[in-house]
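A.B. asks: Here you go, one structure.
The values are calculated or read from the model by the stated rules, or taken from the named source; none is laboratory data. Just so you know, these numbers come straight off a predicted model, no measurement behind them. Note that we place each Cβ from the backbone using ideal geometry, even for glycine, and neighbour counts take in every protein chain shown. These area figures cover heavy atoms from the full protein model, side chains too; ligands, DNA and RNA do not enter into them. Shrake-Rupley method; radii C 1.70, N 1.55, O 1.52, S 1.80 Å.
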Amino acid sequence: MTTSETAGLVVIGGSHAGHQVAIAARAAGFEGPVTVLSDERELPYQRPPLSKAYLMGKQPREALLFRPAAFYEEQGIDLRLGVGATAIDRAAHTVACDNGTILSYKKLVIATGTRVRPLNVPGSDLGGVHYIRTLADIDAIMAELDRVKSVVVIGGGFIGLEGAAALKTMGRDVAVVELADRLMARGVGATVSEYYATHHRAQGVDVRLSTGVESLAGEDGHVTGVVLSGGETLPADLVIVGIGVLPNQEIAAEAGIDCANGIIVDELTQTSDPDVLAVGDCAQFEGRFFDGPLRLESVQNATDQARTAGAAVAGEKKPYDSAPWFWSDQFDLKLQMTGITAGYDTEVIRGDVAAGEFSVFYFKGDKWLGTDTVNQPANHIASRRLLDAGYALSKAEAGDEGLALKELVKAARKGG
Amino acid sequence: MPKVTYRQHDGSEETVDVRAGTSLMLGALTSGVEGIEAECGGSCMCATCHVYVDEAWLDKLPKVQVLEDEMLDDTASERKPNSRLSCQIEMSDALDGIVVELPETQI
């Protein structure tokens with residue numbers, strides 16, 4: 001079955017990046033047909049609250065939605081929920097869908113995101129073992145919570161720790177098992193990692209570092225414990241696995257579009273095919289804020305790339321060039337990060353680490369890479385703006401408590 | 001249910017019901033009122049849900065907290081004395097009838 005409608009914009013994926021591409025294309029004046037395919041059955045929704053407010057029952061389901069259904073209708077955006085794409089025919093400019101439909105496109109945007117990296121130890125398929133990625137994942141966790149006393153979170157990254165903090169706040173016994181020797185090692189520096197381990201422990205979370213998982217123990221098909229690399233078994237009625245994600249790039253790779261760790265795109269989000277773009281977690285790109293190609297898993301990246309792609313579809317060149325930023329809410333701590341700081345050799349600290357109000361500026365040699373702040377939002381915002389402005393912050397400036405970064409931003413903006 | 005009037009930059013107005021306890025940001029998004037981006041979803045991280053609060057209502061709002069204050073310095077449209085981030089304003093019966101104006105741009 002082939003649709004006969006005029007070819008326009010087709011977006012594969014209806015999450016943060018995918019739905020935003022459609023909105024941005026319309027905002028930039030694109031008048032052709034716009035179709036968004038989403039393999040989830042929900043209207044496009046916010047993912048960040050899933051591991052926080054939604055899990056804790058503080059944010060109702062309808063408050064997760066980006067926009068009501070009527071909005072998409074008004075915008076002339078044909079949202080097809082529960083429909084996945086199975087193949088791209090670049091020569092014919094068509095996309096095949098899993099419901100048998102074949103859609104023609106003039107421009108195609110791939111916003112397929114990522115999928116969770118599965119835990120691969122004996123017992124991984126037991127009942128009570130969950131991941132945090134989709135609304136359905138969280139609904140499944142919440143449906144079991146009444147019967148849950150002990151939780152083990154496998155993976156001490158952002159998602160796992162947010163889940164741990166939420167479940168601890170809800171009165172469960174919580175343990176976090178991390179293979180690396182520090183928490184969130186991929187995203188933050190050593191001082192922040194250490195502070196978070198201390199804080200989680202002070203809140204009663206059993207944090208195990210440098211610890212692997214041998215297997216999951218179970219009874220009658222349901223998990224009862226997590227067997228650690230040292231042989232110890234932690235009791236668990238519920239296991240949450242947060243050990244990273246993998247880019248959904250197969251549909252592009254199979255169509256012959258260049259991929260590496262993600263679908264390779266340029267600053268206009270264009271792939272190796274001029275009529276195919278890719279945005280968000282599934283896209284790999286280069287930029288002035290880091291060395292070499294990178295794939296970013298963040299709301300900021302998804303939204304900003306989507307705006308660039310939407311504009312490009314409407315014929316407008318709006319290169320993507322913003323400083324990366326991220327955040328993570330755990331207990332009463334607001335962790336805000338900007339820049340890509342992996343590979344740093346020096347930390348310069350402002351504030352009071354023990355009091356939980358501090359900023360860490362990361363340097364590689366004399367080059368400032370970015371900043372993590374804990375409950376110090378002013379330094380986060382200023383750092384973001386300084387990175388955007390291309391300001392070369394010195395270690396002396398970073399460490400000077402008397403120097404308000406905001407003043408540097410004003411100066412940098414005037415100079416630029 | 002308490003009502004909120006959102007006035008667009010061009011002067012057009014929409015009055016919608018917003019449940020008590022819901023933020024003015026969500027109230028706009030879920031009612032399909034345009035002019036608010038809210039890309040961080042209400043985490044006070046992006047300053048794209050900026051509104052100008054009608055002067056008559058300003059004193060009835062909870063005070064601006066540090067994080068919101070910092071973010072307000074970073075809005076795309078000019079910060080004014082009545083600038084707030086709508087994700088930080090929780091609707092209540094006391095705010096029934098509040099009027100907020102949307103800025104020219106959020107990004």
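A.B. asks: Here is a list of conditions, (1) under 29 Å from A:Asp137 (Cβ atoms); (2) surrounded by fewer than 15 Cβ atoms within 10 Å (Cβ to Cβ); (3) under 26 Å from the mean Cα position of the chain (by Cα), and A:Glu232 meets all of them except one; can you say which number that is?
C.D. replies: (3)
A.B. asks: Mind listing whichever residues of region A:373-403 are touching a helix residue (DSSP H, G or I) at 6+ places or on another chain (Cβ under 8 Å), outside any helix (DSSP H, G or I) and within 14 Å of chain B (Cβ to nearest Cβ)?
C.D. replies: Across region A:373-403, the qualifying residues are A:Thr373, A:Val374, A:Ala389.
A.B. asks: Still on this structure, please answer the following. In the list B:Gly11, B:Gly42, which residue meets the criterion of being away from every other protein chain (no Cβ under 11 Å), open to solvent by 20 Å² or more (accessible area, probe 1.4 Å) and on the phi > 0 side of the Ramachandran plot?
C.D. replies: B:Gly11
Okay, residues lined up against (1) buried (at least 22 other Cβ atoms within 10 Å of the Cβ); (2) away from chain A (no Cβ under 12 Å); (3) in contact with a Cys (Cβ under 8 Å, 6 or more places away or on another chain); (4) farther than 23 Å from A:Lys410 by Cβ:
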site	(1), (2), (3), (4)
B:Lys63	no, yes, no, yes
B:Asp69	no, no, no, no
B:Lys80	no, yes, no, no
B:Ile89	yes, yes, no, yes
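A.B. asks: Can I ask one more? For region A:274-309, enumerate the residues that are polar (S, T, N, Q) and in a helix (DSSP H, G or I).
C.D. replies: Selection gives A:Gln300, A:Asn301, A:Thr303, A:Gln305, A:Thr308.
A.B. asks: Might you let me know whether region A:323-336 holds any residue that is within 13 Å of chain B (Cβ to nearest Cβ), in a helix (DSSP H, G or I) and touching a helix residue (DSSP H, G or I) at 6+ places or on another chain (Cβ under 8 Å)?
C.D. replies: For region A:323-336, residues within 13 Å of chain B (Cβ to nearest Cβ), in a helix (DSSP H, G or I) and touching a helix residue (DSSP H, G or I) at 6+ places or on another chain (Cβ under 8 Å): absent.
A.B. asks: Quick check on B:Glu37: is it under 25 Å from A:Arg26 (Cα atoms), of a type in the set (Asp, Glu) and assigned to a loop (DSSP other than H, G, I, E, B)?
C.D. replies: Yes.
A.B. asks: May I ask you to verify whether B:Ser43 is in contact with an Asp or Glu (Cβ under 6 Å, 6 or more places away or on another chain), closer than 28 Å to A:Arg384 by Cα, of a type in the set (Gly, Ala, Ser) and outside any helix (DSSP H, G or I)?
C.D. replies: no
A.B. asks: Looking at (1) farther than 21 Å from A:Asp304 by Cα; (2) open to solvent by less than 50 Å² (accessible area, probe 1.4 Å), can you tell me which one A:Ala28 breaks?
C.D. replies: (1)
A.B. asks: Then there's this: Scan (1) open to solvent by less than 40 Å² (accessible area, probe 1.4 Å); (2) farther than 23 Å from B:Thr30 by Cα; (3) assigned to a strand (DSSP E or B) for the single condition A:Thr86 breaks and write down its number.
C.D. replies: Only one criterion in (1) open to solvent by less than 40 Å² (accessible area, probe 1.4 Å); (2) farther than 23 Å from B:Thr30 by Cα; (3) assigned to a strand (DSSP E or B) is unmet by A:Thr86, namely (1).
Yes or no, residue by residue, for (1) of a type in the set (D, E, K, R); (2) in contact with a strand residue (DSSP E or B) (Cβ under 6 Å, 6 or more places away or on another chain); (3) open to solvent by 40 Å² or more (accessible area, probe 1.4 Å):
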{"site": "A:Gln305", "(1), (2), (3)": "no, no, no"}
{"site": "A:Pro319", "(1), (2), (3)": "no, no, yes"}
{"site": "A:Trp325", "(1), (2), (3)": "no, yes, no"}
{"site": "A:Ser328", "(1), (2), (3)": "no, yes, no"}
{"site": "A:Asp332", "(1), (2), (3)": "yes, no, yes"}
{"site": "A:Thr341", "(1), (2), (3)": "no, yes, no"}
{"site": "A:Tyr344", "(1), (2), (3)": "no, yes, yes"}
{"site": "A:Asp372", "(1), (2), (3)": "yes, yes, no"}
{"site": "A:Gly390", "(1), (2), (3)": "no, no, yes"}
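A.B. asks: Taking the conditions exactly as written (acidic (Asp, Glu), open to solvent by less than 30 Å² (accessible area, probe 1.4 Å), modelled with pLDDT of 95 or more and touching a Ser or Thr at 6+ places or on another chain (Cβ under 8 Å)), does A:Asp273 satisfy them or not?
C.D. replies: Judged against the criteria, A:Asp273 is not a match.
A.B. asks: Okay, moving on. For region A:225-238, indicate whether the set of residues that are touching a helix residue (DSSP H, G or I) at 6+ places or on another chain (Cβ under 8 Å) and touching a residue at least 12 places away in the same chain (Cβ under 8 Å) is non-empty.
C.D. replies: yes
A.B. asks: Here is a follow-up. Looking only at region B:46-61, count every residue that is open to solvent by 30 Å² or more (accessible area, probe 1.4 Å) and either within 14 Å of chain A (Cβ to nearest Cβ) or part of a helix (DSSP H, G or I) (or both) and tell me the total.
C.D. replies: 4
A.B. asks: Same structure again: Give me the residue from region B:37-93 that is acidic (Asp, Glu) and more than 19 Å from A:Asn375 (Cβ to Cβ) and, out of that set, farthest from the chain's Cα centre (by Cα).
C.D. replies: So the residue we want is B:Asp93.
A.B. asks: Could I ask something else about it? Can you tell me which residues in region A:346-367 are farther than 17 Å from A:Ala197 by Cα and surrounded by fewer than 21 Cβ atoms within 10 Å (Cβ to Cβ)?
C.D. replies: A:Thr346, A:Glu347, A:Val348, A:Ile349, A:Arg350, A:Gly351, A:Phe363, A:Lys364, A:Gly365, A:Asp366, A:Lys367
A.B. asks: Can you pull out the residues in region B:15-33 that are open to solvent by 20 Å² or more (accessible area, probe 1.4 Å) and over 12 Å from the mean Cα position of the chain (by Cα)?
C.D. replies: Of everything in region B:15-33, those that are open to solvent by 20 Å² or more (accessible area, probe 1.4 Å) and over 12 Å from the mean Cα position of the chain (by Cα) turn out to be B:Thr15, B:Val16, B:Asp17, B:Arg19, B:Ala20, B:Gly21, B:Thr30, B:Ser31.
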